[in-house]
Each structure stands twice: as structure tokens, then as C-alpha cells.
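Visitor: To start, I am sharing the structure in question, which I have written as C-alpha cells.
The values are calculated or read from the model by the stated rules, or taken from the named source; none is laboratory data. Because the structure is predicted, anything quoted here is derived from the model rather than measured. Cβ placement follows ideal geometry from the backbone for every residue including glycine, while neighbour counts extend to all protein chains displayed. For the accessible areas, the whole protein counts, side chains as well, though only heavy atoms, and no ligand, DNA or RNA atoms are used. Shrake-Rupley method; radii C 1.70, N 1.55, O 1.52, S 1.80 Å.
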Amino acid sequence: MPHSPNADFDSLLPGRATAAGSTRRSALQMALGVGYAAAAAPVMAQTAIKTSDAGLTAGTIQYTVDGFQVSAYRAAPEGKANLPVILVIQEIFGVHDYIADTCRRLAKLGYLAIAPELFARQGDPRKYTEISQLQAELVSKVPDAQVMKDLDGALEWAAANGGDVSRAGITGFCWGGRITWLYAATGKVKAGVAWYGRLEGTAGSLQPKHPTDIAADLKAPVLGLYGGKDQGIPLDSVDVMKQDLQKAASAGNAAAGASSFHIYPDAGHAFHADYRPSYRKDAAEDGWKRMQDWFKAKGVA
């Protein structure tokens, strides 16, 4: 059964007070990866991981897509070239400190990691203090086609700046988990790892397809990491995706046949988000290892 387009955010709602309005701008005026989005509070400083940028080239870059300056946070081993590339796809909160730190963690492993700010044309997620309003006024207005183009642009930038895009992968969290599945159908990456991304939804003009709709179109295998206690993405949704992947595999789609899920029975939504109360250390660390092994096995490393 299809779920609400907001299903993967429902378990995050903290019921906080009013949100400030978003502002449209041609490009973000602040450095990405600094602090946390207001709507992401409360922040759990005692569990938030801080990865040093020592030995890395890290910070905000920009590239142009259809005349728009897309900002992105990138991290890579300093002075290295021909690096495998990982696209890191944000949650609904934008490219804040957690996403930047994830890029640095990947860079420490030898990747060029790049996280584009994919909402910038529609507004600034940092301006919101309430998740429901952030979703309704900004996130829901971001077209999938725009996101796909911006990710293409990120790979083009990486190719011109030390990246080997023949060894490209993608990983994303929550909103970014859904995008990971969709981008795996474009043929631009060799593998994907989707962390608790929504799998089903109602089709619309801006989001015409969801992962269950593109199982037969996958061109890169995806590892799905999901929580057994996720209130927004129930296991029956995962089962639907598994069935669709099996059908696609039976019809000859190798990427669908190679895709896989791992479920953490005691974890809920956003279990990798170390700065949030939802964080589950054991599941997050195991998922991180599985992600590394997946990329190595699929020729990304």
C-alpha cells in the first residue's frame, strides 16, 4: 500500500513552535557544513561525531547547472588525484555539519565525497524551526528532475577536480535515501547505499516516481539499510520493494538482482544521525561497515 509522501519524516516530528519563512536566493551565502539546521534540534552534542579535516581538502565549492550556481561541500584526501567519488545526499535539513562530517569520514577512507545543497533554488532549510513546515513549504517543492541534474553536475565537477567518475557511488539519508534509489537508475554510478529512504509514495508532477516504480530500471545495485522500528517506513514497504526487485531480477535486470536490504530490528528512523536522539550506535557503525564493503565489492573503492 502506498504511503504518504511525508511518511519518512513523520517519525522525526518533535512538535516545536513556529518556523521562520524560507528565502529564495541564487546561491547559498554561507559556507555549507557549519552548525546544524534549526529544525534538526535537539542536537545531541555528546554523540555527534566530529571528524578532523587534517590531511584533507575540504570546504564549499560551486558549479553551474542550467545557469544556477549550485553550492556543495566536498572533502578529499589532500594532494591526491584519480579518486573514487561518492555523492552524499542530504536529509531534509540540507548540507549541515552532520552531512559535511560524513563527507570527511569518506575522504579519510580515500574518497572524493561531495554533497550538493539540493534545495537552494527553492529556499534555505536553515531558516526553518519546524519540520512539518520545512517539508510543506520547501522540500515538497523540489523536483526530482532538478535533483538528478544537480547530481550530474556534481559528478562533472568531480571529474574535473581529481575524481574518477568511472568509480562513482552514491549514499543518502532519509530524503537522500530515496534519491539514492532514483539516481541508481540513471547509469551514472556503480553502486548506491540508501539509509532509510522512502520507498513508496503518491506520484506527482515534481516527484513522478518512487523507488518501487523504478526497480526494473535500476542500473546500479543498491544496499538498503533500514530500521525495523521505523514508524515512517514500515517493513511492509520494504517487502514491496523486495518483491519488485525480485520481479525485475527475474526479467533480467542484474542490478535489481544484486540489490539487497539489511534491517536493524531495534532501530528506528535516522539511526545513523549521530547528532539526533534517534542515533543508534551499534546499527550506525555496522551500517557504515556494510557501506564500505558494498562499495568495495561493487568496484567503487
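Visitor: Please list, or write none, the lysines whose alpha carbon is within less than 21 Å of the alpha carbon of residue 127, excluding same-chain residues fewer than 8 places away.
Guide: 141
Visitor: Turning to a different aspect of this structure: In the full protein assembly as shown, how much of residue 60 is accessible to a 1.4 Å probe, in Å² to the nearest 10?
Guide: 60 Å²
Visitor: Another one. Report the relative contact order of region 21-180, percent, no decimals, based on alpha-carbon pairs under 8 angstrom and at least 6 residues apart.
Guide: With pairs under 8 Å counted, the relative contact order is 31 percent.
Visitor: Residues with amide H under 5 Å of residue 83's amide H, sequence separation 5 or more or different chain, H placed in the peptide plane at 1.01 Å from N; which?
Guide: Those lying under 5 Å, H to H, from residue 83 are 163, 164.
Visitor: Further, regarding this structure: Rank 191, 165, 37 by how far each Cα sits towards the positive end of the charge dipole of the chain (+1 on Lys, Arg Cβ; -1 on Asp, Glu Cβ) and give me just the farthest.
Guide: Most positive-ward Cα: 165.
Visitor: Which residue fluctuates most in the GNM of the chain (Cα springs below 10 Å): 184, 81, 270?
Guide: So, out of 184, 81, 270, the one fluctuating most is 81.
Visitor: Ignoring ligands, DNA and RNA, please state the percent of accessible area on the chain from carbon and sulfur, probe 1.4 Å.
Guide: The computed percentage sits at 52.
Visitor: Treating the beta-carbon of each Lys and Arg as +1 and of each Asp and Glu as -1, no other charges, what is the dipole magnitude of region 142-189 about its Cα centre, to the nearest 20 debye?
Guide: 120 debye
Visitor: Also: Given the Cα-Cα distance of residue 202 and residue 243 and 0.36 nm per residue of separation, how much length would full extension add, in nm?
Guide: Going from the current span to full extension adds 12.9 nm.
Visitor: Relative contact order for region 116-244 using alpha-carbon pairs under 8 Å, separation at least 6, rounded to a whole percent?
Guide: 19 percent
Visitor: Return the calculated 222 nm mean residue ellipticity for the chain, to the nearest 500 deg cm²/dmol, obtained by summing -39500 (n - 2.57) across DSSP H runs with n ≥ 4 and dividing by the residue count.
Guide: So the helix-based figure for the chain works out to -8500 deg cm²/dmol.
Visitor: Another one. Quick check on the chain: of the DSSP beta bridges with both residues there, what percent are antiparallel, nearest 5%?
Guide: Taking every DSSP beta bridge within the chain, about 40 percent pair in antiparallel fashion.
Visitor: Put 285, 156 in order of accessible area, largest first, 1.4 Å probe: what do you get?
Guide: 156, 285
Visitor: If you stretched the chain out fully between residue 236 and residue 141, how much longer would it get, using 0.36 nm times the residue separation minus the C-alpha to C-alpha distance?
Guide: Gain in length upon complete extension: 31.5 nm.
Visitor: Could you report the chain's accessible area per residue, 1.4 Å probe, as an integer in Å²?
Guide: 38 Å²
Visitor: Given the options 262, 210, 272, which has the most mean-square fluctuation in a GNM of the chain, springs set between C-alpha atoms less than 10 angstrom apart?
Guide: In the Gaussian network model the winner is 262.
Visitor: Further question on the same structure: Given a cut-off of 25 Å, name the pairs among 108/296; 229/289; 190/281; 80/190; 209/242; 108/188 whose C-alpha atoms lie farther apart than that in the structure shown.
Guide: Result: 190/281 exceed 25 Å.
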